[in-house]
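Just below is one structure, and these are the notes that go with it.
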Amino acid sequence: GPRRFAVSRSISATPANHGTWEHMSDGRMLWRLSIDARGSLNVNLGFEEWNLPASGEAWISSANGDWVLNPITAEDNNSSNELWTALIPSDQALIEVSMDAEDRDHFIENTTLTHINVGYRGFGSDGGTRGTSESCNVDVICPLGDNWRDEIPSVGLIIIGGSGACTGAMINNTFQDETPYFLTADHCGISASNDQ
């Protein structure tokens, strides 16, 4: 199965009962929520209710600002109405969401942070150990991987349920239309019920 790297902490935090609200000088509203998991190697978040209004823009970062996830907009909303974040390489995180004032109620009614996943095992340089390739595979760090430089960036980490990790690769299809398919192994346990 997936390699476990974090402990999932279930919570129920909404913009109605957690965080702070601020009126911005441009008339928009800003909601902030700080996450403190001191001593952890990383943090990732799961919103089992997430539907950002059209005017909304969300930023998730390390509390010190050294790491910032690309802005999240309404275009990132999905049919499952969930949002699971990338790993934040810090033990403290900050969520900031700005929106037009008239969209505040929509955001409150459609946002619930349900999981704070606290990393006890790192990846690579942040406390983890880099594995080695099996005898039948080519280690891409070595010169034997030079013929595969175009393909190497297709490999990625997938986080499962906020606490398990597996790898896979982005693949194209015969239409070559760049539909974002991610191929992973069966032992990772990805199915239609948990692929969000």
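Each reported figure results from applying straightforward, stated rules to the coordinates on display, with no laboratory input. Keep in mind it's a predicted model, so treat the numbers as computed, not measured. Glycine also receives a Cβ, built like all others from the backbone with ideal geometry; neighbour counts cover every protein chain displayed.
Here are the numbers for this structure:
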{"read-out": "Positive-pole candidate from 122, 110, 170, dipole of segment 44-196, charges at beta carbon", "value": "122"}
{"read-out": "Residue-span extension gain [residue 34 to residue 108] - 0.36 nm each, minus C-alpha spacing", "value": "25.0 nm"}
{"read-out": "Exposed trypsin sites (Lys or Arg not before Pro) absent: longest stretch of the chain, with sites in DSSP loops and at most 11 other Cβ within 10 Å deemed exposed", "value": "39-129"}
{"read-out": "Cleavage-rule hits (chymotrypsin sites (Phe, Trp or Tyr not before Pro)) in segment 145-196: DSSP loop, at most 12 neighbouring Cβ within 10 angstrom", "value": "175"}
{"read-out": "Under-5 Å amide H pairs with residue 92, H placed in peptide plane, nonlocal only", "value": "37, 63"}
{"read-out": "Two-decimal Rg/Rh across the chain, once Rg and the Kirkwood Rh are taken from alpha-carbon atoms", "value": "1.01"}
{"read-out": "Residue 7/residue 174 FRET efficiency (R0 35 Å; Cβ-Cβ; nearest 0.05)", "value": "0.25"}
{"read-out": "Distant-in-sequence amide H partners of residue 55 (H built 1.01 Å from N, under 5 Å)", "value": "100"}
